[in-house]
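Only one structure is covered here, and it is reproduced in the block below.
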Amino acid sequence: MLAAKETRRTVGDLEALLKEVARIGALPLERAETLPPGAYTSQDFFQLEVDRVFKPGWMCVAHVSQLPNKGDYLSLNWLGELMVVVNDGAHIRVLSRVCLHRWAPICEGKGNAGSFVCPFHKWSYTLEGRLIGAPLMDQAESFDPDSCTLPEFRSEVVDGFVFVNLDNSAEPLKPTIGEMSEALANYQLDRLVVGSVLEYECKFNWKIMVETFMECYHHIGPHVDTFEPDFPAKISYVEDSRLAWTRGFGVARPEVVPGVWEVGLPRFPKVNAKECEAFGLYLVYPFLMLATFPDRVVWFQAQPVGPDVTLLRCHQMLQPETKALPDFPRMMEIQDKTFDVINLEDISVNAKQQIGAKSGFVKSGRLSHLEKAIWQLNQYVAHAIVGTDRTLLHR
Ligand SMILES: [Fe+2]
């Protein structure tokens, strides 16, 4: 009896939440509000995001520089799906890494392999996923190794980033972010390499991570001593969103020396004066985040795990020549320390925000014009979840 009542209440709660999401997704910027707190805390809403935002979307899972050689692989577990990104010598593929025998993972972690051998009963697969060995199966009648090929997920490499689409329904990605590729041409994203990675398990919703990345309004709060002095909230701005991506800029005060946030790494040779006066914040929906600086691109890789858990990997993406410099380890150490401080400034307030969102007394909050990217993300999410249109983005 109690269970039935609880089910009814949950369904009612979700319906009310979706109604609010539809209302908020249709508000103009001047009246913008956050999505309702339940959109950040509800397991049911998160499951809708899994089905309607993440799986049908393009999730960035790797960069080609992480898999430079034939046989290089990287194991993933995204939304319960066990995958392996592998360089087969000709292509980057994303395969299921579940053995087709009795479902043990055929690889873990990262490394280099000539083939994948399941540790359980030693079934082996090529880098393309074809079964080439199944010991002691000779008495299994009509066993056909050719029918045992690891499923391959649809993937695309754009500007060096490897994206995966889990339900095979997405439009091709490349044409939708072509304008962004052009805008970022000076950074030569496809030839960058990972200089360092800082990893965090964040106790908050993925949208909180993306929103905080994209707005500079909070420079006056947690970053008052780090970003605000040189990149004041007040002069930051966000452009109108495109359907697949958006961007904003943290603009330096006019009196600040261009490139103030550099640590001595060589600049991108083609970077222009404008690109030295602001850092760029790029978002490919739902959650590929790139921050551009004159000497590096910082790739914030978000991985949603649950309504209140999101993994963050903060990669310093550098020109390959940079890693060979004698002073590289010292510069990277400075860089990592700086970014760790800044990341923790965000993560600390975001974790408290997530707790606040669970209060029984909170509702949607009003947004500043400086939080335009949150308004844009609201429309993206509302469109995917409840089908509201996104025409407001292009005014
Ligand atoms: Fe921040």
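The values are calculated or read from the model by the stated rules, or taken from the named source; none is laboratory data. Being a predicted model, the structure only gives us computed values, none of them experimental. Positions of Cβ are backbone-derived with ideal geometry, glycine not excepted, and every protein chain shown enters the neighbour counts. For the accessible areas, the whole protein counts, side chains as well, though only heavy atoms, and no ligand, DNA or RNA atoms are used. Shrake-Rupley method; radii C 1.70, N 1.55, O 1.52, S 1.80 Å.
Rounded to the nearest 0.05, what FRET efficiency do D13 and H369 give with R0 = 35 Å and r taken as the Cβ-Cβ distance? Could you check?
Working: r = 32 Å, r/R0 = 0.90.
The value I calculate is 0.65.
Could you tell me which of L127, S96, F54 has its Cα farthest along the dipole of the chain towards the positive end, charges placed at Cβ (Lys, Arg +1; Asp, Glu -1), taken about the Cα centre?
It is F54, whose Cα lies furthest towards the positive end.
Which value, in debye to the nearest 20, gives the size of the charge dipole of region 186-393 about its Cα centre, when Lys and Arg are +1 and Asp and Glu are -1 at the Cβ? Present the calculation step by step, with values, prior to reporting the outcome.
On the way: 21 positive and 25 negative charges, 108 e Å.
The calculated dipole for region 186-393 is roughly 520 debye.
With r as the distance between the Cβ atoms of V271 and R31 and R0 = 51 Å, compute the FRET efficiency 1/(1 + (r/R0)^6) and round to 0.05.
Numbers: r = 38 Å, r/R0 = 0.75.
Efficiency computed from Cβ-Cβ geometry: 0.85.
Tell me which cysteines of the chain come out unpaired when the rule is another cysteine's Cβ under 4.7 Å.
C60, C107, C148, C202, C216, C276, C314
Give me the extension gain from Q353 to L243: residue separation times 0.36 nm, minus the current Cα-Cα distance, reported in nm with one decimal.
That pair, Q353 and L243, stretches by 36.8 nm at full extension.
Restricting to DSSP H runs of at least four residues, report the calculated mean residue ellipticity at 222 nm for the chain, -39500 (n - 2.57) per run over all residues, nearest 500 deg cm²/dmol. Walk me through the intermediate numbers first.
Working: 8 runs with 99 residues, N = 395.
Taking each H run of at least 4 residues, the total per residue is -8000 deg cm²/dmol.
Would you work out which of F213, W245, T226 lies farthest towards the positive end of the dipole of region 207-246? Charges go on Cβ: Lys and Arg +1, Asp and Glu -1.
W245
Once R0 is set to 22 Å, what does the formula 1/(1 + (r/R0)^6) return for the Cβ-Cβ distance between N77 and S169, expressed as a FRET efficiency to the nearest 0.05? Write out the running numbers ahead of the final one.
Working: r = 22 Å, r/R0 = 0.98.
The pair N77/S169 has a calculated efficiency of 0.55.
Tell me, in nm to one decimal, what length is gained between V197 and Q47 on full extension, where the rule is 0.36 nm per residue of separation less the Cα-Cα distance? Kindly include the intermediate steps, with their values, before the conclusion.
Working: separation 150, 0.36 × 150 = 54.00 nm, distance 2.88 nm.
Contour length minus Cα-Cα distance gives 51.1 nm.
Name the residue from S115, A39, P28 whose Cα lies farthest towards the positive end of the charge dipole of region 1-122, charges +1 on Cβ of Lys and Arg and -1 on Cβ of Asp and Glu.
S115
Of K207/K372; K174/K207; K234/K372, which ones are farther than 19 Å apart at the Cα? Numbers along the way, then the final one.
Values: K207/K372 14 Å; K174/K207 24 Å; K234/K372 13 Å.
Where the Cα-Cα span goes over 19 Å, the pairs concerned are K174/K207.
Using a Gaussian network model on the chain with a 10 Å cutoff between Cα atoms, which of W299, W58, W123 fluctuates the most?
W123
What number comes out for accessible area per residue over the chain if the probe is 1.4 Å? Units Å², please.
About 46 Å² of surface per residue is accessible.
When the accessible area of the chain is split by element with a 1.4 Å probe, what percent falls to carbon and sulfur?
Ligands and nucleic acids excluded, carbon and sulfur reach 55 percent.
So what's the gap between the Cα centers of region 341-384 and region 71-121, to the nearest angstrom?
36
What spacing in nm lies between the two simple spin-label points modelled at E152 and V305, each 7 Å away from Cα in the Cβ direction?
3.1
With +1 assigned to the C-beta of every Lys and Arg and -1 to the C-beta of every Asp and Glu, and no other charges, what is the dipole magnitude of the chain about the Cα centre in debye, to the nearest 20?
Details: 39 positive and 50 negative charges, 117 e Å.
In total the dipole reaches around 560 debye.
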